[in-house]
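See below for the structure under consideration.
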Amino acid sequence: MAQLFFRALPQRVWRLLEEYFEAHPELNHTNPEATARIFMGTLMSYVLTQKLLHGQEILPMKQEVMIDSLLELIIR
């Protein structure tokens with residue numbers, strides 16, 4: 001089940017993001033594959049810690065803040 005999920009979602013998203021970063025050299029990412037994994041990993045970590053592990057009750061962070069900060073890092 002885990003492999004099926006991995007192929008259905010994270011792998012496909014990583015490839016789409018990698019292609020996006022490759023198509024936009026102005027972003028100056030030397031490794032589009034790593035950048036795609038960092039981007040997706042940040043979002044997955046947010047969902048895991050805030051939603052599944054109830055982190056929003058202990059140390060909340062608005063999703064808009066996380067997304068805006070992540071995008072700022074990626075396009076900087």
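No value in this document is a laboratory result; all are computed from the given coordinates. Here the structure is a predicted model, which is why all the values come from computation and not from measurement. Using ideal geometry, Cβ is built from the backbone for each residue, glycine included, and neighbour counts are taken over all protein chains shown.
For the reader, a short list of remarks on this structure follows.
- Crossing angle, helix 32-46 versus the chain [Cα axis fit, 0-90 degrees, rounded to tens]: 10
- Between helix 63-75 and the chain there is an angle of about 20 degrees, using the helix long axis and the longest principal axis of the Cα atoms.
- Between helix 10-23 and the chain there is an angle of about 40 degrees, using the helix long axis and the longest principal axis of the Cα atoms.
- Modelled FRET efficiency - R0 25 Å, Ile67 with Gln11, Cβ distances, 0.05 increments: 0.70
- Ranked by the mean number of other Cβ atoms within 10 Å of their residues, highest first, the peptides 60-67, 13-20 come out as 13-20, 60-67.
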